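Trainee: Below is a structure I'd like to ask you about.
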């Protein structure tokens, strides 16, 4: 889950600036890389340079409409597409899906629901598995992390970690010096479940420090950025 999201780039094509920003915020919180295009012509300019891993596409766009962009993409790529529109007529949904969209969302919608649909499409199209295959071993000083075996060693001695401890450590280590808030870590490691206490992150960080740090009270790897969150210092 972690590495797949970190690798996936999503293009959001939406001409309502406030909606585009909200969607982008939720996607970034979920761990995806996001680029925004405010109209069809800007979207085409981006797509002609490089097709991303996922496209969220408004049907009604100035300059070039969503169906035309979908048709252009389908002639060149199987990139997953979620089409977004204010239209509720069944014929519009059918047109989008027959043109090659993978899913369809009608405005107004919940941004969190859209994130869930993105995940569902990625699972269905196998993109998450492709991302998982790109996981790589990390050697950081005396610390070695192997995602394929899920083994962590410190000074060549294996350390026993729970599944979530490993996921949390690997996420932070893959993004050295990047500061993550507790909400971001909850979203990316625990899936953002509402029933999980944010203090869970603090507890897991403390346990990781006890297991990998020479002096847990004065950590060198897992650092607290006061008032913000946590980061990994290689």
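The values are calculated or read from the model by the stated rules, or taken from the named source; none is laboratory data. Since the structure is predicted, the reported quantities are computational estimates derived from the model, not experimental observations. Methodologically, a virtual Cβ is constructed for each residue, glycine included, from the backbone with ideal geometry; neighbour enumeration extends over all protein chains shown.
Trainee: Does any residue of the range 215-222 turn out to be in a helix (DSSP H, G or I) and without any contact (Cβ under 8 Å) to a residue 40 or more places away in the chain?
Mentor: Checked against the condition, which is being in a helix (DSSP H, G or I) and without any contact (Cβ under 8 Å) to a residue 40 or more places away in the chain, the range 215-222 yields no hits at all.
Trainee: I'd like the full set of residues that are in contact with a strand residue (DSSP E or B) (Cβ under 9 Å, 6 or more places away or on another chain) and closer than 16 Å to residue 85 by Cβ, limited to the range 39-64.
Mentor: Within the range 39-64, 39, 40, 43, 55, 56, 57, 58, 59, 60, 61 qualify.
Trainee: Sticking with this structure for a sec: Can you tell me which residue within the range 97-131, out of those that are in contact with a strand residue (DSSP E or B) (Cβ under 8 Å, 6 or more places away or on another chain) and either at pLDDT below 70 or closer than 19 Å to residue 187 by Cα (or both), is surrounded by the most Cβ atoms within 10 Å (Cβ to Cβ)?
Mentor: 118
Trainee: Against the conditions (1) out of contact with any helix residue (DSSP H, G or I) (no Cβ under 8 Å at 6 or more places or on another chain); (2) part of a helix (DSSP H, G or I); (3) within 25 Å of residue 30 (Cα to Cα), where does residue 188 fall short? Just the number, please.
Mentor: (1)
Trainee: What are the residues in the range 21-40 that are over 16 Å from the mean Cα position of the chain (by Cα) and either within 15 Å of residue 122 (Cβ to Cβ) or in a helix (DSSP H, G or I) (or both), if any?
Mentor: 40
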